[in-house]
Amino acid sequence: MSVATKTKKSGTDVEATVWKTVHRVVFPTDGDTDTLPLYVDFNAAQRVVSVQEEETKAGTSNTVVASPASSSGSRQRTDYVQGRRELRLPAFRRVSLGTYFNAFPASYWRAHTAVEKVRLTVEADGDATVIVYRSTPRGTANRVESLQLTKGAAVTVDLSIMNFADGGWYWFDLATGDTATTMTRAEWSVPQPEGFVAGTLSVGVTTFNRPDFCVKHLRTFAESPDLTAVLDTLIVTDQGNQRVRDEKGFEEAAANLGERFKLVEQANLGGSGGFARGMHETVKAGKSKYVMLLDDDVLMETEGILRAVQFADFTRKPTIVGGHMFNLYERAVVHNFGEVINEYRFRYESSGDSQDVHDFGASNLRTTPWMHRRIDVDYNGWWMCLIPTSIIKEIGLALPVFIKWDDVEYGIRAKAAGYTTVTLPGAAVWHMPWTEKDDTIDWQAYFHQRNRWLATMLYSPYNRGGRMPLDSLMVDVRHLLSMQYSSVELRLQALEDLLEGPSHLHRNLGTKLPEIRRIRSTFSDAQVSKDLAKFPPVKRVKPPKFGIVPSAPASMPAALSQALSGMLSAARDPRDGSVDFPEAVVPAMDARWWRLARLNSALVSSSDGSGASWYKKDAKTFRKYLLRSMNLHRKLMLRWDELAKTYQEELPNFTSPETWEKTFAANPAPVVERTTASGK
């Protein structure tokens, strides 16, 4: 939405500025009190407590105490929400829009666009006061302006963002007097440069046996005129055997989108294969300036998709724009605020300025000082990530790695080519949290290992990958001490394939998953039984020495000592009868190496709580895998320079559209008999 403002000069109307709305104030209309704190803060009296104030209270100049935000006295009022953009307040009430979805992330616009000012516009059907605030990178709040609303007349204020180099947000509070008032709209706009052309996007969704979620996506896009206004094509790449086209409601939803919908069916090539297909179809069509990669099993805030597009339209150069991931089960909890690569250990982790698993219901934006610093990232997860097609044309499609590290690597590759990734506040989806599963010990262990090594060889600035190879060996040891032999087998296969060179990447893409699942199924630690009564009763042949209960090592020397002791024990044959019965029942959350290393066998529950596996110590397997792991790591170190150079030189080839096209053609969708109307 663009609005032109005019000034009077010498009797002639001269168009001064065209303002483009880039961030509308919106509200949830489903009555969900779990998500409401992301939109409205009912604790209007609370404020950001500065770090300096907290240091003074603590009596030290170097102790930082985060400001806890008490939710006492807070009362979620879904009845105040009158519509998607309307909020009705009774008399003598005040709320704040200084929230995740409705505050304006000024520092991100300052850092990545040429925009110098933003305009706030608010309109209501009665009298009210709008109090505008800004924050500093330290999290202190400063009152900027106070505006008086009257019935039917919009008020505006232009605000500079030139002092937001390191962080800071704008927001406003709304307060009523002696009459109730409905805010009918509020929005943040920026000046539109001469010759500006708004971009459109295609959305690429990859799915495997989640047809119900995909049909919901179709309905969401079809029912949102704002989305269809910027949407060229919604591309669903179906790789499952429960087909999206057989799901109840599919035909109607697809018809509502019409030519804006495209269904692609292919064999299961994993997330990387599905997203590469979405990228490729978008670039080949030649209509869209952007492609947004979107997970199939997310709930989306449609306004966030618009914000990502509008932000990308104003960046100084093509920029990847990602959204945050909120917990599908705890709707006000964000996974993290930004992710980076630790290049020495070559692993992904949260940006040093942010905190993991933050609950906005307990501490909202205004009372969370660290959140007011701009969080810079190296990449964004592909649960929601917008990529300019110009970048794809230059650096290629996704890595052919099936799953894991494809999104991380793409961000690193783009960065190496001079392109930035921004995780934009106010753009987000809700997704199942990682805490509900442990994919490092299931079939995905192969891809975790192979793909991390591959990314390290492609991009590590350190000789022979820095500390990553040592970390890799230690992870094998940890799994061996935990009697997770199936995971180690898959990890070692990953190293063997890596030694083969780049030719295996596309060749094995459609066949590796069934192979590793078949291999893993032969190990007892991978066999999950839902009927716990089928297992023998717990019986310990010999009690723990001195009755000591295992605990996490308190220091690195203690960890090394425990690991060495555990390895000596694991290399010896277990006591007679100690593997005939489980010695303990170990919950998934307690299944750590320092505990399992003290046992000869254990019943370990699965991370999703659906059953348990029987872990059994096998000294022969331990010795064999330990030697094999050490040998493979030695080979990789000896051939590091050669292999790294080969993978780096072949990167443009195995990420090219031409190579991917051959893989798509070689992996057509298998024939599946039509299922019931429900797709089940």
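What length, rounded to one decimal in nm, is gained on full extension from Ile548 through to Gln148, with 0.36 nm per residue of separation minus their alpha-carbon distance? Can you show the working numbers first?
Values: separation 400, 0.36 × 400 = 144.00 nm, distance 6.88 nm.
Here the answer is 137.1 nm.
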### Query
Once you put a point 7 Å from the Cα of Glu252 and another 7 Å from the Cα of Glu649, both along the Cβ direction, what distance in nm separates them?
5.9 nm
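Pop the C-beta distance of Asp353 and Asp30 into the FRET formula with R0 = 30 Å and round what comes out to the nearest 0.05. Kindly include the intermediate steps, with their values, before the conclusion.
Numbers: r = 33 Å, r/R0 = 1.09.
That pair, Asp353 with Asp30, gives E of 0.35.
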## Note on the structure
Here the longest stretch of the chain that holds no chymotrypsin sites (Phe, Trp or Tyr not before Pro) in a DSSP loop having at most 15 other beta carbon atoms within 10 Å is 463-680
### Query
If the cut-off is 17 Å between C-alpha atoms, which lysines fall inside it for Lys539, apart from same-chain ones fewer than 8 positions away?
Lys616, Lys617
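With r defined as the distance between the Cβ atoms of Ser160 and Arg84 and R0 fixed at 35 Å, what FRET efficiency is calculated, to the nearest 0.05?
Values: r = 30 Å, r/R0 = 0.84.
Efficiency, from the Cβ-Cβ distance: 0.75.
Taking GluC sites (Glu not before Pro) as exposed when DSSP calls them loop (any state but H, G, I, E, B) and at most 11 other Cβ atoms lie within 10 Å, what is the longest stretch of the chain free of them, the sites themselves excluded?
That would be 195-672.
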### Message
Longer than 25 Å from Cα to Cα, which of Lys512/Lys662; Lys117/Lys151; Lys216/Lys262; Lys20/Lys393; Lys216/Lys393; Lys437/Lys545 are they? Say none if no pair is.
### Response
Lys117/Lys151; Lys20/Lys393; Lys216/Lys393; Lys437/Lys545
### Query
Taking the Cα centre of the stretch 476-633 as origin and charging only Cβ (+1 Lys, Arg; -1 Asp, Glu), how large is the dipole, in debye to the nearest 20?
340 debye
### Task
Extending each Cα 7 Å along its Cβ direction at Ala417 and Met556, get the distance between those two points in nm, one decimal.
3.9 nm
#### Entry: Share antiparallel - DSSP beta bridges, the chain, percent rounded to 5
75 percent
### Task
Treating only the Cβ atoms of Lys and Arg (+1) and Asp and Glu (-1) as charged, compute the dipole magnitude of the chain about its Cα centre; round to the nearest 20 debye.
1540 debye
### Summary
Between the modelled labels at Asp531 and Arg572 (7 Å from Cα along Cα→Cβ) the distance in nm is 3.8 nm
### Query
Between Ser524 and Lys287, what FRET efficiency follows from the Cβ-Cβ distance if R0 is 35 Å, with the result rounded to 0.05?
0.10
### Message
Between [x] 38, 31, 22; [y] 72, 31, 18; [z] 47, 31, 25, which entry matches semi-axes √(5λ) of the Cα gyration tensor in Å as derived from the coordinates of this structure?
### Response
[z]
## Note on the structure
Diffing the stretch 179-189: the Karplus 3J(HN,Hα) column from phi (6.51, -1.76, 1.60, θ = phi - 60°), in whole Hz with x for Gly and Pro, holds 9, 6, 9, 10, 6, 8, 6, 8, 7, 10, 10
#### Entry: Selection from Val538, Ile412, Thr440 lying farthest towards where the dipole of the chain points positive, charges on Cβ
Val538
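Bear in mind these aren't lab numbers, they're just calculated from the coordinates by the rules spelled out. What you are looking at is a predicted structure, and each value in this text was computed from that prediction instead of being measured. Positions of Cβ are backbone-derived with ideal geometry, glycine not excepted, and every protein chain shown enters the neighbour counts.
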